[in-house]
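Written below as C-alpha cells is the structure these notes are about.
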Amino acid sequence: MASEKPFLSVVVPVFNEELTIEKMYERVKKALEEDALTFEIIIVNDGSYDSTVEKVKRLCSIDNRVKLVSFSRNFGHQIAISAGLDKSRGQVVVIIDADLQDPPELIPKMIKMWENGCEVVYAVRKKRKGDSFFKRFTAALFYRTLRILSPVEIPLDAGDFRLLDRKVVDVLKRMRERSRFVRGMVSWIGFRQGKIEYVREKRIA
Ligand code: UDP
Ligand code: MG
C-alpha cells in the first residue's frame, strides 16, 4: 500500500555494500530524525552478489520508510541513481553514496538552503580523506578535462551527492538519454543552484 508522500526521498545506489548499508541507514535515520523530517530511503541494488539485498530486505521489514529497487545485473552507478529518482516521491530528493563518504549530517543544511530558494544544492569536496594519490590525481584531472571539453559548466570536484527539488527531478525524468551523466545533466538544466562545501570522508569499508 502506498504510504503518505514523504517530504524527503533519499536515493542510495548500492553495489556490494554489505559492510556499509546498515551503518549508512543508521546514520541517515539519525541525521533526519533529529530534524523531525518525514522521509523515505530508496536503496537501488545495482546487481550486488554479496548479502546486500538480504540486509536491505531486513531494513525494509523493520522500517517501512526503506524501499528496495533491485536490478537484474550491474548497470552502473548512474543508471542506479536514475532508477532511484524515478521511484522517488518527495518534495525534495537527496542522492547519497552508501559508503558514508558523503556525510548524511549535511542533508539538513542542504534543506535549509532549499528553504532559502535553492532548487539544486550540490556538495563540493574541498578535501578528500583516505583517497590514494592516484584517485585524487585522476579525479582532479577528470573534472578539469571535463571542464575544458564540455560547453556545459559543470562544477569542479562535485559528485552526485546533492539535493534536487521535485521540479528538477521531474525534468530529469523526462530526459531519457541512454548514456547518462547525472551531474552533467543537472548542470545543464538550469534552475537556481547553490553549493555547499564538505570534507569527503574515507569509505567506511
Ligand atoms: N555503485 C553502484 N554501481 C556500481 C558501482 C558503485 O551503484 O557499479 C554505488 C556504490 O555502492 C556507492 C556509490 O555507487 O554507493 C559510489 O560508488 P563508489 O564508492 O565505488 O565510488 P567512489 O566513491 O569511488 O566515487
Ligand atoms: Mg565511495
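Against the condition modelled with pLDDT under 95 and in contact with a Leu (Cβ under 6 Å, 6 or more places away or on another chain), how does Leu8 come out, does it pass?
no
Yes/no matrix, rows are residues, columns are (1) more than 9 Å from ligand 1 (Cβ to nearest atom); (2) within 12 Å of the chain's Cα centre (by Cα):
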position	(1), (2)
Phe39	yes, no
Ile43	yes, yes
Val56	yes, no
Arg65	yes, no
Gly76	no, no
Leu85	yes, yes
Pro103	yes, yes
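Go through segment 30-50 and count every residue that is surrounded by 15 or more Cβ atoms within 10 Å (Cβ to Cβ) and more than 15 Å from Pro104 (Cα to Cα).
5
Looking only at residues that are out of contact with any Gly (no Cβ under 9 Å at 6 or more places or on another chain) and β-branched (Val, Ile, Thr) in segment 38-52, which one is farthest from ligand 2 (Cβ to nearest atom)?
Ile41
Here's a check for you: in segment 63-102, which residue that is among the polar types (S, T, N, Q) and touching an Asp or Glu at 6+ places or on another chain (Cβ under 7 Å) is farthest from Ala123 (Cα to Cα)?
Asn74
What are the pairs with Cβ atoms under 7 angstrom where one residue, in segment 10-26, is farther than 12 Å from Ile41 by Cα and touching a residue at least 12 places away in the same chain (Cβ under 8 Å) and the other, located anywhere, is within 12 Å of ligand 2 (Cβ to nearest atom) and of a type outside the set (A, V, I, L, M, F, W, C)? Sequence gap at least six, or different chains.
Glu17/Asp99; Thr20/Asp99
The values are calculated or read from the model by the stated rules, or taken from the named source; none is laboratory data. Remember, it's a predicted structure, so these values are computed and weren't measured experimentally. Every residue, glycine among them, receives a Cβ derived from its backbone with ideal geometry; neighbour counts consider all protein chains shown.
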